[in-house]
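These notes concern the structure reproduced below.
The values are calculated or read from the model by the stated rules, or taken from the named source; none is laboratory data. Keep in mind that what you see is a predicted model, and the values were worked out from it rather than measured. Heads up, the Cβs are rebuilt from the backbone with ideal geometry, glycines too, and the neighbour counts pull from every protein chain shown.
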Amino acid sequence: MDFDLSEEQRLLKESIDGLLTDSYDFEQRKKYMKEKGGWSRAVWLKLAEQGLLGLPFSEADGGFGGGGVETMIVMEALGKALVLEPYLATVVIGGGFLRHAGTDAQKAAHIPGIIDGSKTLAFAQLEKNSRYDLFDVATTAKKKGDGWVIDGEKFVVLNGENADTLVVTARTKGDRRDKTGIGVFLVPANARGVTKKSYPTQDGLHAADITLTGVEVGADAAIGNPEDSLALIERVVDEARVALCAEAVGLMDESLKTTVEYIKTRKQFGVAIGSFQSLQHRASDMFVATEQARSMSMFATMANDFENAKERSNAIAAAKVQIGKSLKFVGQQSIQLHGGIGMTMEAKIGHYFKRLTMIENTFGDTDYHQRRVADAGGLV
Amino acid sequence: MDLAFTKEEQAFREEVRSFFRDNVPPDTRRKLVEGRHLTKDEMVTWWRILNKKGWGVSHWPTQYGGTGWTSVQHYIFNEELQSYPAPQPLAFGVSMVGPVIYTFGNEEQKKKYLPRIANVDDWWCQGFSEPGSGSDLASLKTKAERRGDKWIINGQKTWTTLAQHADMIFCLCRTDNNAKKQMGISFIVFSMKSKGVTVRPIQTIDGGHEVNEVFFDDVEVPIENLIGEENKGWDYAKFLLGNERTGIARVGVSKERLRRIRDLAGKVESAGKPIIQDAAFREKLAACEIELKALELTQLRVVADEGKHGKGKPNPASSVLKIKGSEIQQTTTELLMEVIGPFAAPYDVHGDDGSNEAMDWTAQIAPSYFNNRKVSIYGGSNEIQRNIIAKAVLGL
């Protein structure tokens with residue numbers, strides 16, 4: 001039992017915190033938002049230079065063999081700085097599919113481009129009616145010769161506007177809500193039959209709704225077993241949930257810090273409003289909520305390595321519940337304690353609130369995961 | 001960062017667990033599960049079993065009978081003790097006055113009191129709170145005047161837990177009226193059998209008798225019963241209250257209660273099926289279990305930090321423990337109320353003789369719910385805890 005970072009992990013944290021302190025203050029972020037695609041290629045290449053894009057890949061694949069704790073450190077830092085770049089979509093999710101189930105050829109085709117920053121990925125999973133059920137897939141992949149023909153509509157694909165490669169879930173067999181018959185396919189974003197409608201999201205990221213019409217890919221496009229990849233999808237999405245938990249902790253840390261600084265300096269009735277007990281208690285409750293979230297983010301990071309998939313999923317669902325409750329409280333109270341200024345686009349706190357809010361509704365909200373834990377027999 | 005218990009720690013947990021299985025009197029365990037009060041004999045019997053094993057004062061320095069365990073081992077021991085469940089050591093002796101005596105007392109006092117605390121030859125109670133001094137403890141008025149080789153003590157204490165069993169009291173008394181309020185307090189110990197000590201029971205809303213008022217009327221106490229220096233009592237009190245940072249979360253207690261709720265909810269019917277099959281109830285239960293898991297991890301963070309960096313500088317997360325720990329304990333008693341539904345109402349007509357198994361488990365649920373309102377009040381109310389976080393952690 002040891003919650004301290006190792007020397008190497010401490011250096012990793014210093015390195016990413018340093019990079020973001022230099023190149024990611026709130027004013028710089030505004031500039032990056034206006035760049036093509038809504039994020040900064042220059043920052044992305046800096047992340048690549050420091051080895052952060054290769055962090056979770058094995059050394060054999062050209063990476064650094066980092067584990068869950070390393071990803072947690074990076075995601076917390078990205079959250080703290082409210083980073084726009086597609087680390088989750090490219091490294092955690094896209095990279096996750098390749099790491100867990102990619103063939104040597106698939107790894108060789110995609111991982112080097114991820115690591116050097118030249119290629120990004122996007123996960124095309126959500127459908128009009130699937131909501132949070134990963135097995136609810138209406139998009140089809142039909143066999144044609146050796147390859148596949150994919151048809152369907154995917155929504156709110158993060159980084160879908162910019163990605164070079166899409167990771168698409170599609171059904172090869174069975175009905176929409178069957179748990180078998182689901183495959184995962186690597187689809188070039190410029191393949192014939194792929195059309196995109198791109199837009200900024202509420203929290204300043206960019207996403208796309210993507211239609212696939214008769215998109216033809218080869219046999220080598222399938223990652224894992226094209227007829228039975230739900231377990232793989234759950235594995236990778238669990239990792240994405242864990243990463244989101246860590247990002248949320250970073251966001252909450254910064255929200256609390258910003259809010260406390262604000263109430264120390266904002267004066268009304270001749271005194272700092274932070275001297276009022278009702279505001280002090282609210283801030284204390286924000287601290288409690290943040291610490292509970294941090295504990296569960298660590299728990300989820302640990303659960304990532306559980307061998308039993310049910311226990312892993314249950315623990316990560318529990319973490320997402322705690323993070324969801326904490327982020328709602330911390331996010332809302334950050335705005336409340338800022339008062340009117342918190343309602344403006346000009347103040348940074350509102351942007352933290354918006355990102356936190358979107359995290360709750362990504363890969364399962366609080367109610368969804370609470371039901372999962374309840375149905376799995378609880379968490380004693 | 002490595003969040004798993006080591007093999008040695010897991011083996012230690014097994015050792016502790018099997019000792020409890022073999023040595024906790026079954027009736028004592030049953031009463032705790034049902035939320036009943038134990039008799040003095042039942043408690044003392046168990047504590048002496050524990051002391052004989054060498055675990056009675058586990059966290060004391062080894063020269064006074066402690067075990068030398070790591071902070072993680074202490075955590076495991078407490079969790080297993082609470083979740084078995086077995087009675088926890090008498091905090092007033094073992095966690096409060098004991099450490100004050102071995103840290104600030106003289107050799108004679110150590111020799112005289114420590115072994116008797118360990119074996120509960122003396123039952124200790126705590127003379128801190130007064131009718132006018134709750135959260136503002138330093139405003140206390142009980143007076144100790146020096147007359148020759150004696151202290152003459154006059155005043156009143158309240159909320160004195162289990163004073164009806166006590167042989168000894170450690171008492172904060174005002175010894176200097178002119179000093180700033182924190183500076184004129186001394187830490188004095190004396191026999192509850194002294195002439196002039198009167199104990200009057202306070203019945204709490206659960207119908208129980210845990211706490212008392214204690215009156216001092218010209219109580220004569222030998223001068224050598226002062227612990228440490230005169231007028232330094234406030235420092236010792238702060239030391240004492242800061243000593244038990246992690247036990248206060250009572251994670252093991254809530255774990256045991258959640259297991260019980262799950263068990264009962266599988267048996268009690270609602271709408272023709274066990275209440276555990278009711279989705280709304282099940283989700284509420286899961287929500288509480290998740291909160292407890294977060295608290296357990298927060299507690300482990302504090303424990304691991306203490307193990308590594310000593311107790312000098314508390315981990316900021318430690319202030320979370322009291323607030324969340326008490327809230328979760330209260331939620332578990334609410335969930336029990338929900339399981340039992342209309343059968344919360346009957347008064348405990350059967351007594352606790354174990355003769356009516358069908359009904360016995362219901363008898364203490366409402367009283368336990370009422371009684372647990374105390375946990376967010378005692379030990380520094382949760383509002384005081386929030387003040388502490390605001391000042392000490394957030395710098396407000």
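Among the residues of the stretch A:344-366, are any crowded, with 16+ Cβ neighbours inside 10 Å, within 11 Å of chain B (Cβ to nearest Cβ), in a helix (DSSP H, G or I) and modelled with pLDDT of 95 or more?
So far as the stretch A:344-366 goes, yes, one or more of its residues are crowded, with 16+ Cβ neighbours inside 10 Å, within 11 Å of chain B (Cβ to nearest Cβ), in a helix (DSSP H, G or I) and modelled with pLDDT of 95 or more.
Could you identify the single residue in A:Ala300, A:Ala272 that is modelled with pLDDT of 95 or more and within 24 Å of A:Glu239 (Cα to Cα)?
Working: A:Ala272 fails: within 24 Å of A:Glu239 (Cα to Cα).
Of the residues listed, the single one that is modelled with pLDDT of 95 or more and within 24 Å of A:Glu239 (Cα to Cα) is A:Ala300.
Can you tell me which residues in the stretch B:27-41 are of a type in the set (Asp, Glu) and buried (at least 17 other Cβ atoms within 10 Å of the Cβ)?
Going residue by residue through the stretch B:27-41, those that are of a type in the set (Asp, Glu) are B:27, B:34, B:41.
The one that is of a type in the set (Asp, Glu) and buried (at least 17 other Cβ atoms within 10 Å of the Cβ): B:Glu34.
Could you give every pair whose Cβ atoms fall below 7 Å, whose first residue belongs to the stretch A:287-315 and is over 17 Å from A:Ala240 (Cα atoms) and more than 8 Å from chain B (Cβ to nearest Cβ), and whose second residue is outside any loop (DSSP other than H, G, I, E, B) and at pLDDT 95 or above, counting only separations of at least 6 or pairs across chains?
Correct list of pairs: A:Ala289/A:Ser326; A:Ala289/A:Phe329; A:Ala289/A:Val330; A:Thr290/A:Met252; A:Thr290/A:Asp253; A:Thr290/A:Leu256; A:Thr290/A:Ser326; A:Thr290/A:Val330.
Let me spell it out: the conditions are (1) small (Gly, Ala, Ser); (2) surrounded by 24 or more Cβ atoms within 10 Å (Cβ to Cβ); (3) more than 28 Å from B:Val393 (Cβ to Cβ), and A:Ser284 meets all of them except one. Which number is the exception?
Tallying (1) small (Gly, Ala, Ser); (2) surrounded by 24 or more Cβ atoms within 10 Å (Cβ to Cβ); (3) more than 28 Å from B:Val393 (Cβ to Cβ), A:Ser284 fails exactly one: (3).
Out of A:Gly79, A:Gly54, which single residue is under 21 Å from A:Asp253 (Cβ atoms), touching a Gly at 6+ places or on another chain (Cβ under 6 Å) and buried (at least 22 other Cβ atoms within 10 Å of the Cβ)?
Numbers: A:Gly54 fails: under 21 Å from A:Asp253 (Cβ atoms).
After ruling out the rest, the residue left standing is A:Gly79.
From A:Glu153, A:Glu161, grab the single residue that is more than 19 Å from the chain's Cα centre (by Cα) and acidic (Asp, Glu). Spell out how you get there, then give the answer.
Numbers: A:Glu161 fails: more than 19 Å from the chain's Cα centre (by Cα).
It is A:Glu153.
Yes/no per residue for (1) at negative phi; (2) surrounded by fewer than 19 Cβ atoms within 10 Å (Cβ to Cβ); (3) of a type outside the set (Asp, Glu); (4) touching an Asp or Glu at 6+ places or on another chain (Cβ under 8 Å):
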residue	(1), (2), (3), (4)
B:Phe128	yes, no, yes, no
B:Gly134	yes, yes, yes, no
B:Arg146	yes, yes, yes, no
B:Gly155	no, no, yes, yes
B:Thr161	yes, yes, yes, yes
B:Thr175	yes, no, yes, yes
B:Ile188	yes, no, yes, no
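Select the helices (runs of 4 or more DSSP H) contained entirely in the stretch A:1-91, then report the ones holding at least 2 residues which are of a type in the set (Ser, Thr, Tyr). Don't jump to the end; show me each part of the working.
On the way: elements: A:7-23, A:26-34, A:41-49, A:68-80.
Qualifying helices (runs of 4 or more DSSP H): A:7-23.
Among what's in the stretch B:198-222 and is of a type outside the set (Lys, Arg) and without any contact (Cβ under 8 Å) to a residue 24 or more places away in the chain, pick the residue that is nearest to B:Gly93 (Cα to Cα). Lay out the reasoning, then the answer.
Applying the first criterion (of a type outside the set (Lys, Arg)) to the stretch B:198-222 yields B:198-199, B:201-222.
In the following step, the residues that additionally are without any contact (Cβ under 8 Å) to a residue 24 or more places away in the chain were identified as B:198, B:203.
Numbers: B:Thr198: 21, B:Gln203: 24 Å.
Per the stated criteria, the residue is B:Thr198.
Answer yes or no: is there a residue in the stretch B:47-59 that is within 19 Å of B:Glu210 (Cα to Cα), modelled with pLDDT of 95 or more and not in a loop (DSSP other than H, G, I, E, B).
First pass over the stretch B:47-59, keeping only residues within 19 Å of B:Glu210 (Cα to Cα): B:47.
Add one more test, that the residue is modelled with pLDDT of 95 or more, and what stays is B:47.
Checking which are not in a loop (DSSP other than H, G, I, E, B) leaves us with B:47.
Within the stretch B:47-59, one or more residues are within 19 Å of B:Glu210 (Cα to Cα), modelled with pLDDT of 95 or more and not in a loop (DSSP other than H, G, I, E, B).
Might you let me know whether the stretch A:231-246 holds any residue that is within 30 Å of A:Gly145 (Cβ to Cβ) and touching a strand residue (DSSP E or B) at 6+ places or on another chain (Cβ under 7 Å)?
yes
Which one of these does B:Asp360 not meet: (1) touching a Gly at 6+ places or on another chain (Cβ under 7 Å); (2) at the interface with chain A (Cβ under 10 Å from one of its Cβ atoms); (3) modelled with pLDDT under 85?
So the condition that B:Asp360 fails would be (2).
For the stretch A:287-309, does any single residue satisfy the condition of being in a helix (DSSP H, G or I) and surrounded by fewer than 18 Cβ atoms within 10 Å (Cβ to Cβ)?
Residues of the stretch A:287-309 in a helix (DSSP H, G or I): A:287-303, A:309.
From what is left, the residues that are surrounded by fewer than 18 Cβ atoms within 10 Å (Cβ to Cβ) are A:309.
Yes, that holds for at least one residue.
Restricting attention to the stretch A:183-219, which residues are more than 23 Å from A:Trp39 (Cα to Cα) and of a type in the set (A, V, I, L, M)?
Of the stretch A:183-219, the ones more than 23 Å from A:Trp39 (Cα to Cα) are A:183-186, A:191-193, A:211-219.
The answer is A:Val184, A:Leu186, A:Ala191, A:Leu212, A:Val215, A:Val217, A:Ala219.
Restricting the first residue to the stretch A:273-286 and requiring it to be more than 8 Å from every other protein chain (Cβ to nearest Cβ) and assigned to a helix (DSSP H, G or I), which pairs with a second residue that is basic (Lys, Arg) and surrounded by fewer than 19 Cβ atoms within 10 Å (Cβ to Cβ) meet a Cβ separation below 9 Å and a spacing of at least six or different chains?
A:Ile273/A:Lys264; A:Ile273/A:Arg266; A:Ile273/A:Lys267
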